Structures are given as C-alpha cells and as structure tokens.
Amino acid sequence: MDLRRHNFLLVGDDAYFVFVPRDMQPCLVSARCAHRGGPLHLARFDDASGCLVCPWHGSRTSESRLRSRALESRLEGHHLRVQVAAGPAVPIEPLDRQVLANGDRLDRVRATWNDRASS
Ligand code: FES
C-alpha cells in the first residue's frame, strides 16, 4: 500500500491502520481495541507512557504490544508491503481515513518522502 495516499486497510471485516511509533518506522496494526473492540485508530497517543489510550474506556496499549500484533510487513520507500492471511474471496481495500493515533508522525514521514522526491 502506498503510504502517501493510504493509512488504513480493510481485510474483509478486519480493519488495520498505519501506526507510526516514536522510532518513525510505520507498521500496520489492528484498529480493534483488545478490550471491547473500540476504534484504536481514534485513540490518543500518550507520550509519557508510550501507549495508545482507547477512546471508549481508556485502556492503554503499549507500542511494543501494538508491534507484536502488527501484520507482517516491509517498508520499501513509501510502499508498505503487507502479508495478509486471507482467502481470494476476501476483499482487501486500502483507504485514507481519519487516524488520530499517530498525532502528526505520519505527516512527518510523508514530508520526508516529498522532500526526497523534490530534491
Ligand atoms: S474498547 Fe477500548 S477500552 Fe474498551
């Protein structure tokens, strides 16, 4: 998926969002909170604890836990090559959605790609 245009992936009924941790290495993580399925892409990132705070009931999910549940992927330039375990009949759709969980980190990563492209 082209991270300049997409930050969200639907795989059938499962939703994933591009999470950019503090080390700025994007990965694709489940948008479903482990507590009761709340929208983790709309979570707030707490810099002090390094956790996402779910907007529904306030559960905290650490960066390391998010990474451990991330889809297998590899960053090649601005493309994230993602390994998805889904049958051929399962629709896969990259999207651009409102994602609050990264603050402005994805924008900063995108800006570096645009800088490289213009130089
Ligand atoms: S659904 Fe996320 S804290 Fe309850």
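Taking strands (runs of 3 or more DSSP E) that fall entirely within the range 18-58, which contain at least 2 residues that are under 15 Å from the mean Cα position of the chain (by Cα) and under 18 Å from R108 (Cα atoms)? If you could, list the steps in order and put the result at the bottom.
Details: elements: 27-30, 44-46, 51-53.
Counting at least 2 such residues, we get 27-30, 44-46.
Within the group L9, L66, L40, L28, which residue is under 22 Å from N114 (Cα atoms) and either within 16 Å of the ligand (Cβ to nearest atom) or in contact with a strand residue (DSSP E or B) (Cβ under 9 Å, 6 or more places away or on another chain) (or both)? Give the steps one after another, and end with the answer.
On the way: L9 fails: under 22 Å from N114 (Cα atoms); L66 fails: under 22 Å from N114 (Cα atoms); L40 fails: under 22 Å from N114 (Cα atoms).
On inspection, the qualifying residue turns out to be L28.
For the condition under 22 Å from G12 (Cα atoms) and of a type outside the set (D, E), what is the one hit in R108, R67?
Numbers: R108 fails: under 22 Å from G12 (Cα atoms).
When all the criteria are applied, what remains is R67.
Restricting to the range 60-91, name every residue that is without any contact (Cβ under 8 Å) to a residue 40 or more places away in the chain and either hydrophobic (A, V, I, L, M, F, W, C) or surrounded by 15 or more Cβ atoms within 10 Å (Cβ to Cβ) (or both).
Filtering the range 60-91 down to residues without any contact (Cβ under 8 Å) to a residue 40 or more places away in the chain leaves 60-62, 64-65, 68, 72, 74, 76-77, 81, 83, 85, 87-89.
Listed by number, the residues that qualify are T61, A85, A89.
For the range 73-116, name all the residues that are acidic (D, E), modelled with pLDDT under 95 and part of a loop (DSSP other than H, G, I, E, B).
D104
The values are calculated or read from the model by the stated rules, or taken from the named source; none is laboratory data. Bear in mind the structure is a predicted one, so any value in this text is a computation, not a measurement. Because the Cβ atoms are built from the backbone with ideal geometry, glycine has one as well, and the counts that use them run over all protein chains shown.
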